[in-house]
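Notes follow once the structure below has been shown.
The values are calculated or read from the model by the stated rules, or taken from the named source; none is laboratory data. Values in this document were obtained by computation on a predicted structure and should not be read as measured data. All Cβ positions, even for glycine, are placed from backbone atoms using ideal geometry, and neighbour counts span all protein chains on display. Protein only, heavy atoms only, side chains kept; ligands, DNA and RNA dropped before computing areas. Shrake-Rupley method; radii C 1.70, N 1.55, O 1.52, S 1.80 Å.
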Amino acid sequence: MYGNYPTLARQVVESIVSRCERTQYHLVVGCNACCDETLQFLQSITQIDRLIVSPENINKCPMQRRMFEQIETEFVWWFDDDSWIDGDRSLQMRLEIADAAPPETVLWGPIFYWNDQAGFNFGVDVEPWIRAQPWYSREPIPCDCSGKWVFVIGASWFARTSALKQLNWPPASFIKAGDDAILCEAIRQSGLRFEQIGECGVKFQTHDRRAPESKEMMLAQVKLS
């Protein structure tokens, strides 16, 4: 959750608690600089297992790291606050798809692509940072067979928790910019795979961008010490 958008907060949380079987999920909610109306609503939802509140906007990836610290479930289903569930079997379908998948398939969601870095790097070359990561395997960058930056959209995805822990994702330096494209490059470089499942009962990116990504963010994320 972010900022003064209680309608979005209500939409995503109510879609989860109304459409998912309570015994099948552990609900963690992160709040960046949220308004009082949003916080009061969230505090009224008994199905929320852990509520993490930052009075300041620490941004998406730092909040994501806090949210993932104590995750013990087999899978993580991520929602940006302008994504929400639109189908009664959305969770069940994801569990069925994941259970039937080979262990090297670790991420599911709608797929998009950039032809080159210019789609997300703001003029900052991310390749040196990638080469410095422990998961880099000396494969071409990007190592998709098409040569494109193919990735699962960051607004809503379903992943094996073990893979997120293996990659230590998101990186401690990350803020937000291009995190979905770089996550999927990390997955490929690690010999793992992701799978296109489309919307599969989820609406995503249903609001105009409110906190733009920037060149400064990207520079801070991929700066080598």
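Tell me, please, whether a residue that is at positive phi, modelled with pLDDT of 95 or more and of a type outside the set (Phe, Trp, Tyr) can be found in segment 95-109.
Yes, there is a match, as at least one residue in segment 95-109 is at positive phi, modelled with pLDDT of 95 or more and of a type outside the set (Phe, Trp, Tyr).
All but one of (1) touching a residue at least 40 places away in the same chain (Cβ under 8 Å); (2) in contact with a strand residue (DSSP E or B) (Cβ under 7 Å, 6 or more places away or on another chain); (3) of a type in the set (Lys, Arg) hold for Arg188; which doesn't?
For Arg188, the failing item is (2).
When segment 1-46 is examined, which residues are found to be over 20 Å from Val202 (Cα atoms), outside any helix (DSSP H, G or I), out of contact with any Cys (no Cβ under 6 Å at 6 or more places or on another chain) and open to solvent by 60 Å² or more (accessible area, probe 1.4 Å)?
Matches in segment 1-46: Ser44, Thr46.
Can you pull out the residues in segment 16-33 that are closer than 16 Å to Ser83 by Cβ and more than 18 Å from the chain's Cα centre (by Cα)?
Result: Val17, Ser18, Arg19, Cys20.
Collect the residues in segment 111-121 that are within 20 Å of the chain's Cα centre (by Cα) and more than 13 Å from Cys184 (Cα to Cα), keeping them in residue-number order.
Passing the criteria: Gln117, Gly119, Phe120, Asn121.
Out of all the residues in segment 65-86, is one or more closer than 24 Å to Arg209 by Cα, under 19 Å from the mean Cα position of the chain (by Cα) and open to solvent by 80 Å² or more (accessible area, probe 1.4 Å)?
yes
Residue-by-condition table, conditions (1) in contact with an Asp or Glu (Cβ under 9 Å, 6 or more places away or on another chain); (2) small (Gly, Ala, Ser):
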| residue | (1), (2) |
| --- | --- |
| Ile130 | yes, no |
| Gln133 | no, no |
| Arg138 | no, no |
| Gly147 | yes, yes |
| Ala155 | yes, yes |
| Pro170 | yes, no |
| Glu185 | yes, no |
| Leu192 | yes, no |
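Please work out if Asp49 is outside any loop (DSSP other than H, G, I, E, B) and closer than 23 Å to Glu14 by Cα.
Taking the combined requirement at face value, the residue satisfies it.
Of all residues in segment 198-217, how many are under 23 Å from Leu91 (Cα atoms) and open to solvent by 30 Å² or more (accessible area, probe 1.4 Å)?
6
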